[in-house]
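Working notes, beginning with the structure itself.
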Amino acid sequence: MDAAIKMNPALETSESPFGQNRGKVMMWVFIVSDALIFASLLVAYGFQRYVSPVWPDRWKIFEPGFICAMTVLLLSSSTTMAIAVEALKEGKKQLFALFYCITILAGFTFLGMQAFEWSHFIEKGASLTGNPWGVPMFSAFFFLITGFHGFHVMSGVLVLVLVGLWRMMGKASVHSIEMAGLYWSFVDLVWVFIFAFIYLA
């Protein structure tokens, strides 16, 4: 997205038929289409659980405190990102840098925690084709949905790092940071639904 804007700066300032700059409209189109993919996966998961006579007790498989810590960490990063964007708009460069770096660190930490969770899940015998709890599709859906979200978190962290570097070089505007923050908030919001469907419901 930012690469396209850098190649064609008119994308950042030109007005769309919706009264917004084209870059923001393009980001919202991407987010809505991506949200539909996540929704489809969660609906499929819900249907599979509904038609299955039994379903594993997730709290006996996963560590509740660890999963909750992951959730709090990721949701808190939305707050730090929002603070960073507002600080940049107000010209508070040091405050922006601090909270922007905290957001990136939170993203990397979440990925590390998810890798740790996956490793323990695999050690217990889970795979894409089966698991010890008698419902093969349970682990398949778990890896698919959390893996797809993990890919988005990894992409979001890389976007934040790249846009941050461009900002340091004076090549990224406040709008670019704002767009990166919008994507990051979307990634965090999706996790709320994954947490609710897979771990709580």
**Item:** Crossing angle, helix 64-89 versus the chain [Cα axis fit, 0-90 degrees, rounded to tens]
**Value:** 10
**Message:** Using only the alpha-carbon atoms, how far is helix 22-51 inclined from the longest principal axis of the chain? Give it as 0 to 90 degrees, nearest 10.
**Reply:** 10
**Complete:** Once LEU158 and LYS60 are pulled to full extension, the length gained, defined as 0.36 nm per residue separation minus their Cα-Cα distance, is 31.9 nm
**Message:** Can you list residues from other chains, or at least 5 along the same chain, whose modelled amide H is less than 5 Å from the amide H of ASN21?
**Reply:** SER16
**Message:** Rounding to the nearest 10 and keeping the result within 0 to 90°, find how far the Cα-based axis of helix 93-123 lies from the longest principal axis of the chain.
**Reply:** 20
**Prompt:** What's the local net charge at ALA69, with K and R +1, D and E -1, over the other residues with C-beta under 12 Å away?
**Reply:** -2
**Prompt:** How would you rank GLU86, GLU123, going from fewest to most other Cβ atoms within 10 Å of each one's own Cβ?
**Reply:** GLU123, GLU86
**Prompt:** Ranked by Cβ crowding within 10 angstrom, fewest neighbours first, how are VAL192, VAL135 ordered?
**Reply:** VAL192, VAL135
**Rounded, prolate or oblate (a/c below 1.5 giving rounded, otherwise prolate when a/b exceeds b/c) for the range 20-66 by Cα gyration tensor** = oblate
**Complete:** Env charge @ TRP28, Cβ radius under 12 Å, K,R +1 / D,E -1, value +1
**Message:** What FRET efficiency comes out for PHE151 versus LEU98 if R0 is 30 angstrom and r is the Cβ-Cβ distance? Round to the nearest 0.05.
**Reply:** 0.60
**Prompt:** Along the charge dipole of the chain, which of ILE31, ILE102, LEU88 sits closest to the positive end, that is, farthest toward it, with unit charges on the beta carbon of Lys, Arg, Asp and Glu (+1, +1, -1, -1)?
**Reply:** LEU88
**Request:** With a point put 7 Å past each Cα toward its Cβ, work out how far LEU189 is from ALA115 in nm, to one decimal.
**Result:** 2.9
**Ordering of 147-153, 115-121 by burial proxy (mean other Cβ atoms within 10 Å per residue, highest first)** = 147-153, 115-121
**Asked** So, with +1 on the Cβ of K and R and -1 on the Cβ of D and E, and no other charges, what is the size of the charge dipole of the chain about its Cα centre, to the nearest 20 debye?
**Response** 160
**Message:** Could you tell me what a quarter of the Cα convex hull surface of the chain works out to, in nm² with one decimal place?
**Reply:** 12.4
**Fill in**
When SER176, SER185 are arranged by how many other beta-carbons sit within 10 Å of their Cβ, fewest first, they go SER185, SER176
**Message:** I'd like the per residue volume of the convex hull spanned by the Cα atoms of the range 140-187, given in cubic angstrom.
**Reply:** 45
**Within a Gaussian network of the chain (alpha carbon springs, distance under 10 Å), most fluctuating of PRO53, PRO64, PRO132** = PRO53
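Read-outs: derived from the displayed coordinates by stated rules, not from any lab. From a predicted model like this one, the values you see are computed outputs, not experimental measurements. In this analysis, Cβ positions are derived from the backbone assuming ideal geometry, glycine residues included, and neighbour counts consider all displayed protein chains.
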